[in-house]
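Q: Take a look at this one; I'll ask things after.
No value in this document is a laboratory result; all are computed from the given coordinates. As the structure is a computational prediction, the values presented were derived from the model and not from experiment. FYI the Cβ positions are ideal-geometry reconstructions off the backbone, even for glycines, and counts take in every protein chain you see.
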Amino acid sequence: MNEPAVTGTEPLAPEGFARRIRLQEYALVGIVIALIIAGAITKPDAFLTSDNLFTILTQASAVGVLAIGMTFVIASGGIDLSVGSAVAAAGIAGGVLADGESGTLFILGALGFGVLVGVLNGAFITLGRMPPFIATLAMLAIARGLALRMSGKTPISVALLDAVRWFGNGKVLGIPAPVIVFLAITGLGWVLLNRTTYGRYVVAVGGNKEAARIAGIRVQRTIFSVYVLIGLCAGISAILLSGRLASASPVAGNLYELDAIAAVVIGGTSLAGGKATITGTFLGVLTFALIFNLLNLLNLPTEFQQIVRGVIVLVAVIAQRREN
């Protein structure tokens, strides 16, 4: 899937931006192949099994869905630090609404609460004129607190909700349901970013808000919409995670916001906004998933994994700054 360059400054140097994005995507493809080879060499009996490969994609699906939504937020020049807490709160809201009886109510509750968080973030940023960093940082604390309050600080079981459990552990033609959902969201995100006017508006706003406003784009409405979009992604992520774990936990989604941002950044989307790639984000998610799976198979400690995550993000940001 060779993605065209989507930038908010296309009239200035479209070929240059396209080349940079393609080079970063090709580099990530090389990294993914290298990781697969490394895994095959170091753990030949465990790494390349179909069960392990599906496990990698299944475990990456919740963060992957968030990363697709985060691509739109960062492309618009914003950031969302609240999505991890929103995943926890959305799962708890669904669990409270379902009351152990209705999987449909759980799904509606999780999606509805995720969207509500997005609406509030969007309102604080557009109507309240708050910087995205501050607004979403505040929502990070609020959503986590609500999750703890609504749940009484204890997980809510969804083991009897077949519809929810299917999204976590079901299969279609042998492919896990979370993987199907993640791939579907990735495909829809790619189309939305690259084949619709809305996608170009999002990136144009991130590239230059004043120029976008002069061009007739409703800047505030566009910014508001990307936070609603990632709120919806948080609700979907909550369903996938709760279904896989058979429970909704108030401490779920911890550091998911950092994982999602990291995947978007190493994929090639600019933190300054105005340049975005869904293909790169997908490869970024896959890169992290492969690295952490390999580290787990090698029985390396969790703190080492955190160090690796931080180093990767630093390298990606440094590379972006050198390009700019």
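Q: Name the residue that is farthest from G253 (Cα to Cα), counting only residues in the range 143-188 that are β-branched (V, I, T) and free of Cβ contacts under 8 Å to residues at least 12 places away in the same chain.
A: Going through the range 143-188, the residues β-branched (V, I, T) turn out to be 154, 156, 158, 164, 172, 175, 179-181, 185-186.
If we keep only those that are free of Cβ contacts under 8 Å to residues at least 12 places away in the same chain as well, we get 172, 180.
On the way: V172: 26, I180: 20 Å.
If we take residues in the range 143-188 being β-branched (V, I, T) and free of Cβ contacts under 8 Å to residues at least 12 places away in the same chain, then V172 is farthest from G253 (Cα to Cα).
Q: Report yes if some residue within the range 40-53 is within 28 Å of R200 (Cα to Cα) and in contact with a Lys or Arg (Cβ under 9 Å, 6 or more places away or on another chain); otherwise report no.
A: At the first step, the residues of the range 40-53 found to be within 28 Å of R200 (Cα to Cα) are none.
No, the range 40-53 contains no residue that is within 28 Å of R200 (Cα to Cα) and in contact with a Lys or Arg (Cβ under 9 Å, 6 or more places away or on another chain).
Q: Mind checking which residues of the range 69-93 are hydroxyl-bearing (S, T, Y) and either within 10 Å of the chain's Cα centre (by Cα) or not in a helix (DSSP H, G or I) (or both)?
A: Narrowing the range 69-93 to residues hydroxyl-bearing (S, T, Y): 71, 76, 82, 85.
Of everything in the range 69-93, those that are hydroxyl-bearing (S, T, Y) and either within 10 Å of the chain's Cα centre (by Cα) or not in a helix (DSSP H, G or I) (or both) turn out to be T71, S76, S82.
Q: When both residues are 6+ apart or on different chains and their Cβ atoms are under 7 Å apart, which pairs have a first residue that lies in the range 61-72 and is farther than 13 Å from V265 by Cα, and a second that is acidic (D, E)?
A: V63/D259
Q: Consider only pairs whose beta carbons are under 6 Å apart and that are at least six residues apart or on different chains; among these, list those whose first residue lies in the range 78-93 and is under 14 Å from L111 (Cβ atoms) and touching a residue at least 24 places away in the same chain (Cβ under 8 Å) and whose second residue is crowded, with 24+ Cβ neighbours inside 10 Å and β-branched (V, I, T).
A: A86/V117
Q: Identify all residues within the range 146-164 that are over 21 Å from the mean Cα position of the chain (by Cα) and closer than 23 Å to G69 by Cα; write none if there are none.
A: Looking only at the range 146-164, we keep the residues that are over 21 Å from the mean Cα position of the chain (by Cα), and these are 146, 148-163.
If the condition is that a residue be over 21 Å from the mean Cα position of the chain (by Cα) and closer than 23 Å to G69 by Cα, then L146 is the only one that fits.
Q: Here is a follow-up. Here is a list of conditions, (1) on the phi < 0 side of the Ramachandran plot; (2) out of contact with any helix residue (DSSP H, G or I) (no Cβ under 7 Å at 6 or more places or on another chain), and A289 meets all of them except one; can you say which number that is?
A: Tallying (1) on the phi < 0 side of the Ramachandran plot; (2) out of contact with any helix residue (DSSP H, G or I) (no Cβ under 7 Å at 6 or more places or on another chain), A289 fails exactly one: (2).
Q: Now, a different point. Looking only at the range 192-247, count how many residues are among the hydrophobic types (A, V, I, L, M, F, W, C) and within 16 Å of the chain's Cα centre (by Cα). Quick ask: steps written out before the conclusion?
A: The first filter runs over the range 192-247 and keeps only residues among the hydrophobic types (A, V, I, L, M, F, W, C), leaving 192-193, 202-205, 211-212, 214-215, 217, 219, 223-224, 226, 228-230, 232-234, 236, 238-241, 245-246.
Retained after the next criterion (residues that are within 16 Å of the chain's Cα centre (by Cα)): 192-193, 226, 228-230, 232-234, 236, 238-241.
Total satisfying the criteria: 14.
Q: If I ask for residues that are within 18 Å of A86 (Cα to Cα), surrounded by 18 or more Cβ atoms within 10 Å (Cβ to Cβ) and not hydrophobic (A, V, I, L, M, F, W, C), which ones from the range 122-167 would you list?
A: G122, P132, T136, R144, S151, P155
Q: Next up: Given the options G114, G118, name the one that is closer than 18 Å to V251 by Cα and buried (at least 21 other Cβ atoms within 10 Å of the Cβ).
A: Values: G118 fails: closer than 18 Å to V251 by Cα.
Just one listed residue meets the conditions, G114.
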